[in-house]
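Below is one structure, written out as structure tokens, with a few remarks after it.
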Amino acid sequence: MRPILLALAALLAACTSARSTAPAVHAAIAPRAPAAPAMQAQVAPAVPAERTTLAPATRPEVTLWGDVVRVVDGDTIHVKVGDKVEKLRLLSVDTEEKLGSGAGSATKPQTVFGEACALWAQDYFKSFEKDGAPVRVGLLFPKGRENHRDVYGRLLCHVILPDGVDFNLLLVKLGKSPYFTKYGYSEIDHAVFAAAQEKARAQHLGIWDPATNKPKTEGTPSAARPYDRLLPWWDARAEAVKTFATLHAQQPERVFEAESGDSLARAVERSATMPVLVFGEIDRIFDEDDGSQTVLMRAT
């Protein structure tokens, strides 16, 4: 992560006091995560590892190909593209954390289902191996985001399997992941992802099964992800992203995003002569001795 410290004079008014005389920079902030109770150790029924056959989807236009090197978990895969190994973070999905991963939080605890999903994903990709050759997959990107990465440097994309199936969508169809809208609706096919989640929920598949992550022995500590609170929050953020995209399209020289250092640099330049709107997530705000405030925003 490369935080952009808005200590520049042109941006001091992002959250400044009334005494500041710098040009106005309005910060549009996406909703924060809902509070969640602390989770304990995870116990839940395992997920069958056998391959689920779905009708192959029409292959979208793939702009890049790579060989699978490692399947970390359900939504993180390493592939070799040319001579470089790329770490992929799959768009529109967010599988549960596997056990012992060192990650996890109250809203995304490590769960038995997360562990089972990671093992399933590893077996699923292995099912495409032939004669010891690595599995070759397509990388599909939203238009104009062919090299878009997250704060950890992972390439954001869809993975197209050798049979033409969109693996991201498959995860939602099978209930192994929610339709993850925290960073915006799918730019590939929002309606299809939303319908896939609705159907998986109706059929109580995977994470939508009430028995998932529930201990078999009464009183045994367990952890489960609070989807009932997360889904509305993610959708609220997605609506905020959608509003930003509309405003940016209408006023590209006045509306900027905090995730891009280049975009923030343009905001600095433009704010010297006019108020600008910066959309992003504020990490911290510092009170300065001169009465102004410095804003630390999350950026890639």
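The values are calculated or read from the model by the stated rules, or taken from the named source; none is laboratory data. Note that this is a predicted model, so its numbers are computed, not measured. Cβ sites come from the backbone with ideal geometry, for glycine too, and all protein chains shown count toward neighbours. Surface accessibility is based on the protein's heavy atoms, side chains included, excluding ligands, DNA and RNA. Shrake-Rupley method; radii C 1.70, N 1.55, O 1.52, S 1.80 Å.
Solvent-accessible area per residue for region 225-277 at a 1.4 Å probe radius, Å²?
Values: 2730 Å² over 53 residues.
Ligands and nucleic acids excluded, the figure is 52 Å² per residue.
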Which loop chymotrypsin sites (Phe, Trp or Tyr not before Pro) in region 141-181, with loop taken from DSSP, have no more than 10 other Cβ atoms within 10 angstrom of their Cβ?
TYR152
In the calculated pair distance distribution of region 134-231, what percentage of Cα-Cα distances lie above 15 Å?
69 percent
Along region 220-237, what does the Karplus equation 6.51 cos²θ - 1.76 cosθ + 1.60 (θ = phi - 60°) give for ³J(HN,Hα), rounded to whole Hz, x for Gly and Pro?
6, x, 8, 9, 9, 7, x, 4, 4, 9, 6, 4, x, 5, 4, 5, 5, 5
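When the dipole is taken about the Cα centre of region 130-239, and only Lys, Arg (+1) and Asp, Glu (-1) are charged at their Cβ, what size is it in debye, to the nearest 20? Don't skip to the end; give the middle numbers.
Numbers: 16 positive and 13 negative charges, 48 e Å.
For this selection, approximately 240 debye.
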Whose amide H sits under 5 Å from the amide H of ASP283, counting only residues 5 or more places off or on another chain, with H placed in the peptide plane?
LEU296, MET297, ARG298
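For region 251-295, just say rounded, prolate or oblate: build the C-alpha gyration tensor, square-root its eigenvalues into a ≥ b ≥ c, call rounded for a/c under 1.5, and beyond that prolate if a/b exceeds b/c, oblate if not. Numbers along the way, then the final one.
On the way: a/c = 2.50, a/b = 1.50, b/c = 1.66.
Cα axes put region 251-295 in the oblate bin.
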Would you please name the GluC sites (Glu not before Pro) within region 220-300 that are DSSP coil residues with at most 13 other C-beta atoms within 10 Å of their C-beta?
GLU253, GLU288
Using a 1.4 Å probe on the protein heavy atoms only, what accessible surface does ARG298 show? Give it in Å² to the nearest 10.
70 Å²
What list of ³J(HN,Hα) values in whole Hz, one per residue of region 142-157 in order, does the Karplus curve 6.51 cos²θ - 1.76 cosθ + 1.60 (θ = phi - 60°) give from phi, with Gly and Pro shown as x?
x, 4, x, 10, 5, 10, 7, 10, 8, 5, 9, x, 7, 6, 8, 6
So what are the ³J(HN,Hα) numbers for region 249-260, from phi and the Karplus equation (6.51, -1.76, 1.60; θ = phi - 60°), rounded to whole Hz, Gly and Pro as x?
5, 7, 9, x, 8, 10, 10, 9, 10, 6, 5, 9
Checked against a 32 Å limit on the C-alpha separation, the offending pairs among LYS176/LYS216; LYS143/LYS214; LYS84/LYS143 are LYS143/LYS214
Amide H within-cut-off set for GLU257, under 5 Å, with H built and near neighbours excluded
PHE279
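Taking loop as defined by DSSP and a crowding limit of 14 other beta carbons within 10 Å, which trypsin sites (Lys or Arg not before Pro) in region 80-182 fit?
Values: sites: LYS80, LYS84, LYS87, ARG89, LYS98, LYS126, LYS130, ARG136, LYS143, ARG145, ARG149, ARG154, LYS173, LYS176, LYS182; in loops: LYS98, LYS143, ARG145, ARG154, LYS176, LYS182.
Taking region 80-182 and a limit of 14 other Cβ atoms within 10 Å, the loop trypsin sites (Lys or Arg not before Pro) found are LYS143, ARG145.
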